[in-house]
Amino acid sequence: MSTIEQQETAIPTGTYTADTVHSSVGFEVPYAVATFTGNVTDFAASLVDGRLEGSARIESIQLKDENLSAHVLSPEFFDAERNPVVGFSGDLSRDGGRAIVEGEITLKGITQPATLTGTIVGPTVDHFGKTRVGLQLETVVDRTKFDMNWNMPLPTGEPALGNEVTLKADLTLVAQEA
C-alpha cells in the first residue's frame, strides 16, 4: 500500500477536539410542504484514537422562529428540563474521503443505535501549524423512537410533521498537544 493510500484509509490517532467557531450541529425535519431546521450553539465533540464523542445542550437550540422554542424544549419534544443534553459516541472508520461512524445516540434519556455517514478530510496541518481533521456527518433517526410523538393533522389528514429527522454535524477537529 502506498503512503497516499495509507493516508486515505488511516484513522487519525491522538486527541482532537472541536473548533466550535468552524463547526456546526443541526437538524432538519419535514414540516407540511417544506423543511423545518434548527441549530445547536452549545456543543462539544472529540475524536480520540478513532472514537468520536459528542454532546449538545438542548437549551441552546436556535430556531428561525423564537415563538417555537418553548414548544421544542417542552416534554412533547426534547424535554430540556429533564434531559438537558443529547449525546453520541461511536467508532470512526474511513474509506478514502468517506467516513462512517457506528455508535449510539441518546435523546430524552433513550439510547438507540445510529450510523453517521459522510466525508472526512485530513489530518492536515493548517497555516498556524495545527493539525486538523474535517468531518461532515449525518444520520436519520425516527423521532418517535425517542418519545417525540407530537403532531398535528393537516386538512388532508396527513401529519404536519415528519417522523424522520436528519441530524447533521460539520466538524473541524484540532489535535491537542500532549
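The values are calculated or read from the model by the stated rules, or taken from the named source; none is laboratory data. The structure displayed is predicted, hence computed values, not measured ones. Neighbour counts are summed over all protein chains in view; Cβ atoms, including those assigned to glycine, are modelled from backbone coordinates with ideal geometry. Ligands, DNA and RNA are stripped out before the accessible areas are found, and what is left, the full protein with its side chains, is counted by its heavy atoms. Shrake-Rupley method; radii C 1.70, N 1.55, O 1.52, S 1.80 Å.
Within the stretch 51-78, find all residues whose amide N lies under 13 Å from a label point positioned 7 Å from the Cα of residue 152 along Cα-to-beta-carbon.
What the label zone holds, given the 13 Å backbone N cut-off, is 67-69, 71-72.
Could you tell me the accessible area of residue 76 in Å² (1.4 Å probe, neighbours in place), rounded to the nearest ten?
Surface open to solvent at residue 76 totals about 90 Å².
Considering the Cα positions of the stretch 24-178, please state its Rg to one decimal place and its Dmax as a whole number of Å.
Cα-based Rg and Dmax for the stretch 24-178 come out at 16.9, 60 Å.
Could you name the lysines whose alpha carbon sits less than 30 Å from that of residue 64, not counting residues in the same chain fewer than 8 places away?
In chain and number order, the partners are 108, 145, 168.
Just report the Cα centroid separation between the stretch 108-151 and the stretch 51-77, whole Å.
16
Order 168, 108, most accessible first, counting only protein heavy atoms with a 1.4 angstrom probe.
In descending accessible area the options line up as 168, 108.
Between residue 65 and residue 176, how many nm apart are label points set 7 Å from Cα along the C-beta direction?
4.1
Extension gain residue 37-residue 130, at 0.36 nm per residue separation less the Cα-Cα distance, in nm?
Length gained, residue 37 through residue 130: 30.2 nm.
On full extension of the chain, what length is gained from residue 22 through residue 57, given 0.36 nm per residue of separation minus the C-alpha to C-alpha distance?
Fully extending the segment from residue 22 to residue 57 adds 10.8 nm.
Just to be sure I understand the model, the point goes 7 Å from the Cα along the line to the Cβ. What's the resulting residue 117 to residue 91 distance in nm?
1.9
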